[in-house]
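None of the figures in this text is laboratory data; all of them are computed from the coordinates on show. All values derive from a computational prediction rather than experimental measurement. Don't worry about glycine lacking a Cβ; one is built from the backbone with ideal geometry, like all the others, and counts go over all protein chains shown.
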Amino acid sequence: MFSNSSKYALKAVLYLAVNSSESNKIMAKNISGPINVPQAYISKLLQDLTKHNIVSSTRGPHGGFYLNENNMKTPLIDIISVIDGENKLNACLLSIENCNAEQPCPLHDFAAAYRVNLLENLENKTVGDLAEDISNQKSFLPL
């Protein structure tokens, strides 16, 4: 349901949430290894997220990417929307163009409740919420 780009972006943002701060900026080359994403790919994703104020960055010799307090309040849905566009999570699971409630594909009704629950969770959970879960060892992210 998530594109690889969205998965990579989520992993990068969570890595930053746990490991960075305004005084500890991290360069893309130092993020790519731990999250197992090519450096050029993660650089582009982080630049897109920076343009939308989901990630903060500073240029220069002591520059890099980091998350500030406002970035930590970002709902997860915003990251996916920036990377994949608004309609990705509402798209047909079988990629049938005209799939809708009036003309459902075979999986449409089956996935409807799951999709509603997922969207609600993505809208209500923030980067900070997941970072706290990682810090409290309720979940893990290979870092």
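Structure notes:
- Taking GluC sites (Glu not before Pro) as exposed when their DSSP state is a loop state and no more than 16 other Cβ atoms lie within 10 Å, the longest site-free interval of the chain runs over 23-85.
- The chain: relative contact order as a whole-number percent, Cα under 8 Å and 6+ apart: 29 percent
- Among Ile31, Ser6, Asn124 the positive-end extreme of the charge dipole of the range 4-135 (Cβ point charges): Ile31
- Modelled spin labels at Asn24 and Cys105, positioned 7 Å past Cα toward Cβ, are 4.3 nm from each other.
- Taking the helices alone, the chain has a mean residue ellipticity at 222 nm of -16000 deg cm²/dmol, built from -39,500 (n - 2.57) per DSSP H run of at least 4 residues and averaged over all its residues.
- Here the calculated FRET efficiency for Glu69 and Tyr41, from their Cβ-Cβ distance with R0 = 30 Å, stands at 0.60, rounded to the nearest 0.05.
- Sequence-distant residues sharing a close amide H with Val55 (under 5 Å, placed H): Thr50
- When +1 charges are put on Lys and Arg Cβ atoms and -1 charges on Asp and Glu Cβ atoms, the dipole computed for the range 4-135 relative to its Cα centre reaches about 680 debye.
- Against the set [x] 31, 16, 13; [y] 23, 19, 13; [z] 50, 32, 13, the structure's computed semi-axes √(5λ) of the Cα gyration tensor in Å falls on [x].
- Phi-based couplings in Hz for the range 91-106 (Karplus 6.51, -1.76, 1.60; Gly and Pro marked x): 6, 4, 5, 9, 6, 8, 4, 9, 5, 7, 4, 7, 9, x, 6, x
- You can think of it this way: the chain between Ser139 and Lys7 has 45.9 nm of extra reach, that is 0.36 nm per residue less the Cα-Cα gap.
- Rough spin-label spacing in nm, given labels placed 7 Å along Cα→Cβ, for Thr58 and Lys88: 3.0 nm
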